[in-house]
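> This is the structure I have questions about; it appears just below.
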Amino acid sequence: MAVLDDLSEFEFEDVIEDVFRNLGYENVRQAERTADEGRDVIMEEVIDGTRRAIIVECKHTGTVGRPVVQELHSAIATFDFDGPKRGRHDRSVYESRPGVRPASPAER
């Protein structure tokens, strides 16, 4: 993805924010550019009448390991929201390592 490769980390976060806003998620916004605590984009969705927060951690790098996953877990756990929360990583690269696979529709 040559176009994505040319973006800075913050420009990539801008793209992710725009994508989710265009997909119809609500209250889509970016966290502070510094000290974001692993929360790059925050948004909400309503499913079956229940509003749920979604914490997105954007990675514009080649690898995502255990520390990144742990940071996202902490970002979700400490996010102040009165309702269910979930998180996701959005990356500009595809990684094919043993044990890493895309989520199935049932897991999304």
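The values are calculated or read from the model by the stated rules, or taken from the named source; none is laboratory data. Keep in mind it's a predicted model, so treat the numbers as computed, not measured. In this analysis, Cβ positions are derived from the backbone assuming ideal geometry, glycine residues included, and neighbour counts consider all displayed protein chains.
> Restricting to the stretch 60-94, name every residue that is modelled with pLDDT under 85 and either farther than 18 Å from I42 by Cα or part of a loop (DSSP other than H, G, I, E, B) (or both).
Correct list: H60, T61, G62, T63, V64, G65, R66, P67, S92, V93, Y94.
> List the pairs whose first member sits in the stretch 36-47 and is in contact (Cβ under 8 Å) with a residue 12 or more places away in the chain and of a type in the set (V, I, T), whose second member is buried (at least 16 other Cβ atoms within 10 Å of the Cβ) and not in a strand (DSSP E or B), and whose Cβ atoms are under 7 Å apart, counting only residues at least 6 apart or on separate chains?
Within 7 Å, the pairs are V41/E13; V41/I16; V41/E17; V41/F20; I42/A31.
> Contact list please: Cβ distance under 8 Å, first residue in the stretch 3-30 and modelled with pLDDT of 95 or more and outside any helix (DSSP H, G or I), second residue surrounded by fewer than 15 Cβ atoms within 10 Å (Cβ to Cβ) and among the hydrophobic types (A, V, I, L, M, F, W, C), pairs at least six apart or on different chains.
E26/V46
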